[in-house]
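Participant: What follows is a structure written as C-alpha cells; I'll ask about it next.
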Amino acid sequence: MKYSKNIREYAKVRMEQNPNNTHVAKELKLMFKLPQDLDSVRKIVSMWRKNLLIKAKSLPIKRLFFDIETSYYVLKINTWQLRSNLKYFDHNDIIREKEIICISYKWQYENEVHTLDWRNGEKSMLKDFIKVLGDADEIVAHNGDKFDIKFLRTRCLFNRVLMFPTYRTLDTLLKARGRFLFASNRLDYLGKFMGAGGKEEHEGMKMWTEIVENQSQEYLDKMIAYNKRDVALLEDVFTVMSPYMDHNNNFAVLTGGEKWHCPACASGNVKMYRTYSTPMGTIRRNMKCNSCKKQYKISNKTYLHMLHSLTKED
C-alpha cells in the first residue's frame, strides 16, 4: 500500500525522535487509522528508516518501565492477601511468604523487554534489578507507588539487598485516577481504550500454582511472556497519556537544560501557544513541546529568558 505524503512526513519526524520502529508504527496506526496489521506497518517504518538513513536523536533522560509478578502466601489455604473474603488470617498461619517470581523491564523507546526471574534465587534477581533501578532517572509502573515499589523494597529487606529509600517515580494508575474518568483504570482496559491492545491471555490461578507448587518451567515461561507484554503495554499507555497529564519530574532542569525546555523529554524544540493571567494578575505562558506534544506552563520571567536566549543564538 502507498502511504500519503502527510503520513510519510509525520513518520520521518517521529523516527528522528524515536528509535523504536514498533512504537512509531503503533502511533501511525492510531493517528491515521491504518488498516494494515501492526507488523506490516512496522516493516514499512523499518524500510523507511533504513532507506532514509534516519538515526533517532539520543535523549538525555533514562525512563524505565517495569512490572513484577509475585507468588502468593501459602497458608492453610492459598491467598493473595492476609485478608480474604472479610476473613482475617493470622500471620502465624504463614507457611511460605509471598515472593517475587519475575521482573520485566525496558528502557523508553528500546525495542527489547528484559526479564529477571527467581530460577537462580530471589536474592540474585533482586541484586541485578536494583542495579537497573539505580541507572533510571524516572521509574514508571502501573500501581507502582502503592504495590510494586513497596513490595520490591519488602523483599529486598527480607533478602538484605540494599536499595534506595526513594526513587523518582510516575504511577500511571494514579495518573489515570487523578486526571481522567475512564470506565476502568486497569492496564488491560486502558490499553484497549487507547488502541494499544490488551494484556496477554493466561490460564488464571493455574499458572501460579504450577510455578509455586510444581516448579513448572513451562508455566514460568508463560508468566514471563505475560509479564513482558504488561511492560510493553505500560509504555504504550504512558506514551498516549503523556501529553494529557502532568509529570512528576522536570527533566529539562535535571539534565542541565533551561526551565523553558520540555519537562517531560527535555527537548528545546518548544513553542508558546497561549498567554493567560492568574486572578492576581500574574502572567503565565502555556507551552507546547514539538517533540513529544507535552503541554506545560512557565512563568513570564522564564518566557522572557527564553526569548533572550533564542535572540542571542540568532
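The values are calculated or read from the model by the stated rules, or taken from the named source; none is laboratory data. If you're wondering where the values come from, they're calculated on a predicted model, not measured in any experiment. Positions of Cβ are generated from backbone atoms using ideal geometry, with glycine treated the same way; all protein chains shown enter the neighbour counts. The area values use the complete protein model at the heavy-atom level, side chains included, leaving out ligands, DNA and RNA. Shrake-Rupley method; radii C 1.70, N 1.55, O 1.52, S 1.80 Å.
Participant: Among the residues that make up the stretch 62-73, is at least one of them at pLDDT below 85 and either in a loop (DSSP other than H, G, I, E, B) or not hydrophobic (A, V, I, L, M, F, W, C) (or both)?
Facilitator: No, the stretch 62-73 contains no residue that is at pLDDT below 85 and either in a loop (DSSP other than H, G, I, E, B) or not hydrophobic (A, V, I, L, M, F, W, C) (or both).
Participant: Please give the number of the condition Gly268 fails out of (1) within 19 Å of Arg63 (Cβ to Cβ); (2) in contact (Cβ under 8 Å) with a residue 24 or more places away in the chain; (3) crowded, with 16+ Cβ neighbours inside 10 Å.
Facilitator: (2)
Participant: For a quick check of your reading of the model, give me the residue pairs whose first member lies in the stretch 1-20 and is over 21 Å from Pro35 (Cβ atoms) and at pLDDT below 85, whose second is of a type in the set (Gly, Ala, Ser) and loosely packed, with under 15 Cβ neighbours inside 10 Å, with beta-carbon atoms closer than 9 Å and at least 6 apart or on different chains.
Facilitator: Hits for this filter: Pro19/Ser58.
Participant: Return the total of residues in the stretch 179-202 being out of contact with any Lys or Arg (no Cβ under 8 Å at 6 or more places or on another chain), without any contact (Cβ under 8 Å) to a residue 40 or more places away in the chain and farther than 25 Å from Leu28 by Cβ.
Facilitator: 5
Participant: Okay, next question. If we scan the stretch 211-225, do we find a residue that is under 25 Å from Thr172 (Cα atoms) and touching a residue at least 40 places away in the same chain (Cβ under 8 Å)?
Facilitator: yes
Participant: Among what's in the stretch 1-35 and is assigned to a loop (DSSP other than H, G, I, E, B) and open to solvent by 40 Å² or more (accessible area, probe 1.4 Å), pick the residue that is nearest to Arg229 (Cα to Cα).
Facilitator: Pro19
Participant: Then there is this: Within the stretch 46-69, identify whether any single residue is touching a strand residue (DSSP E or B) at 6+ places or on another chain (Cβ under 6 Å), farther than 30 Å from Lys206 by Cβ and crowded, with 18+ Cβ neighbours inside 10 Å, and answer yes or no.
Facilitator: Scanning the stretch 46-69 turns up at least one residue that is touching a strand residue (DSSP E or B) at 6+ places or on another chain (Cβ under 6 Å), farther than 30 Å from Lys206 by Cβ and crowded, with 18+ Cβ neighbours inside 10 Å.
Participant: Across the stretch 283-314, which residue is modelled with the highest pLDDT among those that are exposed (fewer than 11 other Cβ atoms within 10 Å of the Cβ) and not charged (D, E, K, R)?
Facilitator: The selected residue is His308.
Participant: Quick one: which of Val270, Val253 is under 22 Å from the mean Cα position of the chain (by Cα) and either over 25 Å from Val113 (Cβ atoms) or basic (Lys, Arg) (or both)?
Facilitator: Val253
Participant: Tally up the residues in the stretch 116-155 that are among the acidic types (Asp, Glu), over 16 Å from Ile100 (Cα atoms) and open to solvent by 30 Å² or more (accessible area, probe 1.4 Å), please.
Facilitator: Of the residues in that region, 3 qualify.
Participant: Out of the residues in the stretch 156-176 meeting the condition of being in a loop (DSSP other than H, G, I, E, B) and of a type in the set (Val, Ile, Thr), tell me which one is least open to solvent (accessible area, probe 1.4 Å).
Facilitator: It comes out as Val161.
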